Amino acid sequence: MIDRQKFFAVARLNPFNGAMTQGQVDGCNFILDSWEASNISSDLRWLAYMLATAKWETAHTMHPVEEYGHGAGHPYGQPDPETGKIYYGRGYVQLTWKTNYQKMAALTGCDLVHQPELALDPKIAALIMFDGMKGGMFTGVGLPRYFSATADDPTDARRIINGTDHAEDIASIHRTFLEARR
């Protein structure tokens with residue numbers, strides 16, 4: 001079990017710069033509750049990296065959000081010819097592309113292809129984040145490659161979600177969440 005009092009005492013200072021909104025606290029608590037219920041791993045580096053990713057990808061809200069601009073200017077921001085849906089970023093990890101929505105539909109049992117907005121449901125978003133990041137379902141590489149008995153690489157772990165975009169920023173946030181957990 002995660003000592004929430006200690007966790008929030010440290011997390012408020014950094015990475016939240018001294019203050020958290022109630023929404024951020026609630027969002028962190030939901031992710032922590034989901035982590036504890038999942039039994040996905042005992043490696044707290046995984047949890048810290050997921051929290052860091054969620055913080056960055058949700059514009060620091062810690063709640064599943066829609067991508068700003070709904071994918072405008074990106075190929076995934078165009079309506080799909082079969083479904084008419086646009087598979088722009090949603091959730092804790094900003095799930096994009098129809099193929100990823102299809103993979104996550106199979107994982108979650110939800111029709112994310114025809115109802116991509118379901119990726120905004122916190123329960124579904126947490127499952128997508130946990131299993132997608134663990135299994136490398138977004139880019140082909142997952143958490144075990146970067147955090148294991150022989151690896152500790154929060155900078156290159158960004159490749160799990162989005163190449164090296166803001167890799168150092170997220171690695172820094174990861175370190176603060178890891179410290180908050182200890």
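Every number in this text was worked out from the coordinates using simple rules, so none of it is lab data. Keep in mind it's a predicted model, so treat the numbers as computed, not measured. Note that each Cβ is placed from the backbone with ideal geometry, even for glycine, and that neighbours are counted across all protein chains shown.
Just a few scattered comments:
- Under 23 Å between alpha carbons - lysine pairs in the chain that sit 8 or more apart or on different chains: 11
- Bins of 10 Å from zero: percent of alpha-carbon pairs in region 93-182: 17, 44, 30, 9, 0
- Subtracting the Cα-Cα distance of LYS85 and ASP156 from their residue separation scaled by 0.36 nm leaves 22.4 nm.
- For region 4-181, convex hull volume per residue from C-alpha positions, Å³: 108 Å³
- In terms of the mean number of neighbouring beta-carbon atoms within 10 Å, the peptides 109-116, 45-52 order highest first as 45-52, 109-116.
- Per-residue extension of 0.36 nm, minus the Cα-Cα distance of ASP121 and ARG145, leaves a gain of 5.8 nm for this segment.
- Placing +1 on each Lys and Arg Cβ and -1 on each Asp and Glu Cβ, with no other charges, gives region 40-182 a dipole about its Cα centre of roughly 320 debye.
- Inter-part distance where region 49-76 and region 128-182 are each reduced to a Cα centre, Å: 16 Å
- Among the GluC sites (Glu not before Pro) found in region 1-110, those both in a DSSP coil and sparsely packed, with 14 or fewer other Cβ atoms within 10 Å of their Cβ, are GLU82.
- Distance between the pseudo-spin-label points of ASN29 and THR61 (7 Å out from Cα toward the beta carbon): 1.9 nm.
- For the chain, calculated [θ]222 nm from helices alone, where every DSSP H run of n ≥ 4 adds -39500 (n - 2.57): -14500 deg cm²/dmol
- Least to most buried among HIS63, HIS174, HIS74 (fewest other Cβ within 10 Å first): HIS74, HIS63, HIS174
- Of GLY77, SER38, LEU178, farthest towards positive along the dipole that unit charges on Lys, Arg, Asp, Glu beta carbons give the chain: LEU178
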